[in-house]
Amino acid sequence: MKQLELLMDATALDRALIRISHQILEKNPDAKTLGIVGMQTRGVYLARRIAAKISALEKTKLTAGVLDITMYRDDYRMALKQPKVKVTNIPFDINGINLILVDDVLYTGRTVRAALEALNDFGRPKTIQLAVLVDRDDREMPIRADYTGQTVTTRKNQEVALKVKEVDGEDSLWLMELEQGD
Amino acid sequence: MPLAIKHLLGLEGVSREDVTLILDTADSFFEVLQRDIPQVPTLRGRTIVNLFFENSTRTRMSFELAEKRLSASPLNFSTSTSSVAKGESLRDTMRNIEAMKIDMVVVRHGAAGVPSFLTRCTDAAIVNAGDGLHEHPTQALLDMMTIRQRFGKLSGLKVAIIGDVLHSRVARSNAWGMTTMGMDVTLCGPPTLLPQHPRALGVRVTDSMDEALRDANVVMLLRLQLERQGAGLFPSIREYRERYGLDLDKLNKLPGDIVVMHPGPINRGIELASNVADSDKSVILDQVTNGVAVRMAVLFLLGGGENA
């Protein structure tokens, strides 16, 4: 895979998250009703940052939950290589809350579908709202985001890759192109 | 990153990477078991046959529960109600069950090597739930999971496995698995109940319980198989209890963070005193809980993708 274009640098990424945090509060004025859940793996880092920003704005303390959807994937039978099951940890009761589901990229919508099924096993939130940093368009399911950092039109042979400080040492968002053999 | 193994026949020869992957996956399934709705749809539509040619309550229930928690359909088979009683051969039984389109087989049998034999009769993934005196790999995996939960690691820990080692497939699987994971294993029991060639297992062997317990982090007592007493392998149950049973006096001489394990079912008052089994050092019930998580992990990892 080779890097094609820088979509967001660290500053742009932070601004997008600040905007999303404000939009979440605009729609859900009472931060006490909020629960933030990030999807493994990159969504988790974004969820933590959004939770920190909202906590600072509202002088409250939100912790981000972690959701792994490996057990809910619809391609378990077809997958050539098995995805590793990762940790799920939602340290609050999701019943009756406004749950903000956070992921880095929204593409086919299948991951979000799996996440909705997974959340179903934890309880019944009042609402589930979806926040993504990038919307790639090209959905395979009737799913849309409530909060979007940026919309990017991509081709099939392209991918969007998020780098975060915690793992990659820097914050940036890249449009990538698959090369032969990828 | 998938498992290198296609079947779980034993822990002999299973790599450290595979054991680690199973234990890591089991930790995730452990979390599933703590939920209000402890079930995931992962194996929906898959049929798993539980072929139990030998009595078992705990292991069979644990496997069945693991299958249900993964939304698979379990199919139970026990010898007393089956056509094995009518003289059907093992191969025919297997081929008939396979013709009903099943995906995985969990098998327990009194003869060593049956799970391995079944891999040649069917394309389904085989999981050994105990075969003769050979191995009981999921028990050893759940033991290691329990130890890792307590200590946060396996490598470098010292384990004493005490009792009827010779007739214990649990001890054998643990010896293979634990040495692979870098643990220091000592097998202990009356000389007549110790394996003839311990060096092949890569473990130490002693008939002195004091020696086995020295610096041990974990002590695992094995069930004294009372039905074997007639064979004259040890003088009396009373003497066995004196020399190889764990009571409160012996426990109190051990370090404060010692962990006491038992694969069950316990003979209370023989290998394990009642107040030791129920003490805060005992993780016996954790072992049972972890057993479901470990079996979910094994079924998930063996049943996935194209290799099923």
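Of everything in the range A:8-39, what is of a type in the set (S, T, N, Q) and either buried (at least 21 other Cβ atoms within 10 Å of the Cβ) or within 19 Å of A:VAL160 (Cα to Cα) (or both)? Give them in sequence order.
Within the range A:8-39, A:THR11, A:SER21 qualify.
Could you list, in sequence order, the residues of the range B:237-262 that are within 21 Å of B:THR192 (Cβ to Cβ) and in contact with a Leu (Cβ under 9 Å, 6 or more places away or on another chain)?
Matches in the range B:237-262: B:ILE237, B:TYR240, B:ARG241, B:TYR244, B:GLY245, B:LEU246.
Yes or no, residue by residue, for (1) within 11 Å of chain B (Cβ to nearest Cβ); (2) closer than 24 Å to B:ASP27 by Cα; (3) at pLDDT below 95:
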{"residue": "A:ARG49", "(1), (2), (3)": "no, no, no"}
{"residue": "A:ALA64", "(1), (2), (3)": "no, yes, no"}
{"residue": "A:ILE69", "(1), (2), (3)": "yes, yes, yes"}
{"residue": "A:ASN98", "(1), (2), (3)": "no, no, no"}
{"residue": "A:ALA115", "(1), (2), (3)": "no, yes, no"}
{"residue": "A:GLY123", "(1), (2), (3)": "yes, yes, yes"}
{"residue": "A:THR127", "(1), (2), (3)": "no, no, no"}
{"residue": "A:THR148", "(1), (2), (3)": "no, no, no"}
{"residue": "A:ARG155", "(1), (2), (3)": "no, no, yes"}
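When the residues of the range A:96-152 are filtered to those that are in contact with an Asp or Glu (Cβ under 6 Å, 6 or more places away or on another chain) and assigned to a strand (DSSP E or B), which remaining residue is surrounded by the fewest Cβ atoms within 10 Å (Cβ to Cβ)?
A:THR151
Quick check on this structure: which one of B:THR59, B:THR79, B:THR42, B:THR25 is away from every other protein chain (no Cβ under 13 Å) and buried (at least 18 other Cβ atoms within 10 Å of the Cβ)?
Going through B:THR59, B:THR79, B:THR42, B:THR25 in turn, just one is away from every other protein chain (no Cβ under 13 Å) and buried (at least 18 other Cβ atoms within 10 Å of the Cβ): B:THR59.
With respect to the numbered conditions (1) touching a Ser or Thr at 6+ places or on another chain (Cβ under 8 Å); (2) among the β-branched types (Val, Ile, Thr); (3) over 25 Å from B:PHE30 (Cα atoms), which one is the sole condition not fulfilled by A:THR88?
(3)
Would you confirm whether any residue within the range B:229-240 is of a type in the set (S, T, N, Q), assigned by TED's automatic domain parsing to the domain that holds B:ASP164, within 22 Å of B:ILE147 (Cα to Cα) and touching a helix residue (DSSP H, G or I) at 6+ places or on another chain (Cβ under 9 Å)?
no
Return the total of residues in the range B:181-208 being over 18 Å from the mean Cα position of the chain (by Cα), assigned to a helix (DSSP H, G or I) and surrounded by 19 or more Cβ atoms within 10 Å (Cβ to Cβ).
Looking only at that region, the number is 1.
The values are calculated or read from the model by the stated rules, or taken from the named source; none is laboratory data. Not measured: the values here are computed from a predicted model. Here Cβ is always computed from backbone atoms with ideal geometry, including for glycine, and neighbour counts include all displayed protein chains.
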